Amino acid sequence: MIEPAAWINADLHCHSCISDGTLEPEELAARAKANGVELWALTDHDEIGGQHRARDAALACGLPFLTGTEISVTFAGVTVHIVGLGFTIDDPALETGLAATRGGRTERAHVMADGLARVGIKGAFEGALTYAGNPELIARTHFARFLVETGVCASTNEVFRKYLVAGKPGYVPHQWASLGDAVQWITKAGGIAVIAHPGRYKFTPTEEYALFTEFKAHGGRGVEVVTGSHSSADAAKYTETALEFDLLASRGSDFHSPEESRIDLGTLPALSARLTPVWDALVDRVHRPS
Ligand code: AMP
Ligand code: MN
Ligand code: MN
Ligand code: MN
């Protein structure tokens, strides 16, 4: 891959224990810095409660910072993630939208636990909760950690495959935010909306075209091309998609945990030099060390 002249090691997607990561925001900032990251964003699911801590820790160790979040959206019956970058840190409308989005998680988690109890796995709600740093953000990831810890499965991947995806006993369909709302919350807060890891959705080409078209119509401007969830073939495919739809390109590890994540902070391949990086459009939104 050709490295662009203005190449920087940006990592604009990861999770702390305020959503479903295992590290504190301060630990992530230090890890990003140690791994050579030059521009960093913390993108907790449906939550911006860690942004002040992340920014303060990043700036204290000399690491430029962009605000971030990853919003859960339901599009064509499928869960799609929209990353927001560079919004105003305490935007009230964004905070209200995120609070509504995460609001149904506790009830969903109880229904997930009921499904698991029916196949003989008891106490999964309470068990998962012990892994959730933020109870409002109880996620499938926390159930996966509990099922590994109690020996039901050997890895979180195995838990997802056997218990937590559509058709499996712990799966509960859920209605998240609408695409238009998520994009507008981010945009009105001064940020840029980015389609996260498009290679992960099982869309037909027609559905995927609809996602990109509607996303742009709502004011979305970016797509993750290089992410921990993409193969090199996915990155090549979405390089072409970014060019076709005239979208800014983002890069982020989606790091969750030193034990679980395949890709560490700051260790991804570069974006193709044919792309315009999303950070080129966010220069004025970067929090810089003094
Ligand atoms: P939720 O928002 O509760 O539906 O949980 C979604 C989270 O589960 C994602 O953000 C990932 O961190 C994690 N996840 C999804 N699929 C898998 C998988 N196959 N293996 C491990 N973690 C996964
Ligand atoms: Mn996650
Ligand atoms: Mn995601
Ligand atoms: Mn993520």
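The values are calculated or read from the model by the stated rules, or taken from the named source; none is laboratory data. This structure is a prediction, so every number in the text was calculated from the model and none was measured. Quick reminder, even Gly has a Cβ in these numbers, built from the backbone with ideal geometry, and neighbours come from all protein chains shown. Protein only, heavy atoms only, side chains kept; ligands, DNA and RNA dropped before computing areas. Shrake-Rupley method; radii C 1.70, N 1.55, O 1.52, S 1.80 Å.
So the values come out like this:
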item: Cross-link table Lys33/Lys216; Lys162/Lys216; Lys162/Lys202; Lys188/Lys237, entries beyond 25 Å C-alpha to C-alpha; result: Lys33/Lys216; Lys162/Lys216; Lys188/Lys237
item: Nearest 10 degrees, 0 to 90: helix 105-118 Cα axis against the chain principal axis; result: 40 degrees
item: Approximate shape of region 98-233 as ellipsoid semi-axes (Cα gyration tensor, √5λ), whole Å, largest first; result: 31, 18, 14
item: Choice from Pro173, Pro277, Pro25 with maximal GNM fluctuation in the chain (Cα, 10 Å cutoff); result: Pro173
item: Separation between Cα centres of region 101-147 and region 249-288, rounded to whole Å; result: 30 Å
item: Cut-off under 5 Å, modelled amide H: who pairs with Leu265 long-range; result: none
item: The chain: most fluctuating residue of Ser232, Ser272, Ser16 per GNM, C-alpha cutoff 10 Å; result: Ser232
item: Phi-based couplings in Hz for region 86-99 (Karplus 6.51, -1.76, 1.60; Gly and Pro marked x); result: x, 6, 5, 4, 10, 4, x, 5, 5, 4, 5, x, 5, 4
item: Most fluctuating residue given options Ser155, Ser19, Ser253, as computed from a GNM of the chain linking Cα atoms under 10 Å; result: Ser155
item: Most to least accessible of Glu240, Glu224 (protein chains only, probe 1.4 Å); result: Glu240, Glu224
item: Largest to smallest accessible area among Cys61, Cys17 [probe 1.4 Å]; result: Cys61, Cys17
item: Accessible surface ranking that places the most exposed of Arg288, Arg262 first, with a 1.4 angstrom probe; result: Arg262, Arg288
item: Using alpha carbons only: equivalent-ellipsoid semi-axes of the chain, gyration tensor based, whole Å; result: 29, 21, 19
item: Calculated FRET efficiency for the pair Ala93/Ala166, C-beta based, R₀ 41 Å, to 0.05; result: 0.80
item: Backbone HN-Hα couplings from phi across region 68-76 [Karplus 6.51/-1.76/1.60, Hz, Gly and Pro as x]; result: x, 7, 10, 8, 7, 10, 9, 10, 6
item: Phi-based couplings in Hz for region 24-34 (Karplus 6.51, -1.76, 1.60; Gly and Pro marked x); result: 6, x, 5, 5, 5, 4, 5, 5, 4, 4, 4
item: Top positive-direction residue, dipole computed over the chain with Cβ charges, set Leu268, Tyr131, Gln51; result: Tyr131
item: For the chain, calculated [θ]222 nm from helices alone, where every DSSP H run of n ≥ 4 adds -39500 (n - 2.57); result: -10500 deg cm²/dmol
item: Efficiency of FRET between Arg118 and Arg200 - r from beta-carbon atoms, R0 30 angstrom, step 0.05; result: 0.60
item: Of all DSSP beta bridges in the chain, antiparallel share, percent nearest 5; result: 45 percent
item: Cα shape, region 171-289, gyration tensor, a/c 1.5 rule; result: rounded
item: Amide H within-cut-off set for Ile48, under 5 Å, with H built and near neighbours excluded; result: none
